[in-house]
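To start, the structure under review is shown below, and the notes come after it.
The values are calculated or read from the model by the stated rules, or taken from the named source; none is laboratory data. Computed from a predicted structure; not experimentally measured. Every residue, glycine as well, gets a Cβ built from its backbone with ideal geometry; the counts of neighbours run over all protein chains shown. Accessible surface is based on the protein model in full, side chains and every heavy atom, while ligands, DNA and RNA are left aside. Shrake-Rupley method; radii C 1.70, N 1.55, O 1.52, S 1.80 Å.
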Amino acid sequence: MTLAELLCAAYISFGYPNAELMCKSADTVVEASYEHKVSATIMTALIFYESRWKPSAISKSNACGLTQVLPKYTRNPRLTCEELLEPKTSIQAGSKALGKWLRGYGRGKYKIALCGYNKGYRCKGKEPHQGAMRYAKRIMKMSRKLKRRMMVLQEKHHRGHDVSLGAMHE
């Protein structure tokens, strides 16, 4: 099984919403995560918490799409909210943004990078934004659950058990 197939199967196994779109987008999540050096399970969980995998999501602050990126913060290219409503574009922009937070301000630590992704530089200092830290912890917890389930599914697959997407729906 590919990483995208395992990610999809793990997501389905937990009964999370909008699994059809998540599974259609799994290859994009894996590719964008690899390109921007972020975890695919972290990105999957981030999208879940940002938009519940609803591509048409727009927040009060005008954050758009699956990854709830603010158009004013997109660079090279500058993206519009309309463009961010396209799942592939949003996943690519969100992965790029998280990658920048991870390698910059987060210094390789997802908890800090996710806090920054959520609240920007309000996470700086000795007392980071508490709401954003809870957000980061929820994403990391979901990511760990997905990784553990993927390992179980991979092991079952190696042992010859049917872990196909069809079997997941039965």
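Of note:
- Set side by side, the residues Val152, Val163 differ, and just one is under 27 Å from Met1 (Cα atoms), among the aliphatic types (A, V, I, L, M) and at pLDDT 90 or above, which is Val152.
- Apart from one condition, Leu102 fits all of (1) outside any loop (DSSP other than H, G, I, E, B); (2) among the aliphatic types (A, V, I, L, M); (3) modelled with pLDDT of 95 or more; the exception is (3).
- As for the range 111-128, it holds at least one residue that is more than 17 Å from Ala40 (Cβ to Cβ), at pLDDT below 80 and among the hydrophobic types (A, V, I, L, M, F, W, C).
- In the range 7-23, the residues that are open to solvent by 20 Å² or more (accessible area, probe 1.4 Å) and touching a residue at least 40 places away in the same chain (Cβ under 8 Å): Ile12, Ser13, Phe14, Leu21, Cys23
- Among the candidates Ala97, Ala4, Ala45, residue that is farther than 25 Å from Met133 by Cα and either open to solvent by 40 Å² or more (accessible area, probe 1.4 Å) or in a helix (DSSP H, G or I) (or both): Ala4
- Selection of the range 29-42 for residues being closer than 13 Å to Ala93 by Cα and open to solvent by less than 20 Å² (accessible area, probe 1.4 Å) yields Val29, Ala32, Ser33, Val38.
- Checked against the criteria, Glu50 does not count as modelled with pLDDT of 95 or more and open to solvent by 60 Å² or more (accessible area, probe 1.4 Å).
- Which numbered condition Arg103 fails, given (1) touching a residue at least 24 places away in the same chain (Cβ under 8 Å); (2) open to solvent by 80 Å² or more (accessible area, probe 1.4 Å); (3) over 29 Å from Glu83 (Cα atoms): (3)
- Residue in the range 65-76 that is among the polar types (S, T, N, Q), exposed (fewer than 15 other Cβ atoms within 10 Å of the Cβ), in contact with a Pro (Cβ under 9 Å, 6 or more places away or on another chain) and at pLDDT below 95 present: no
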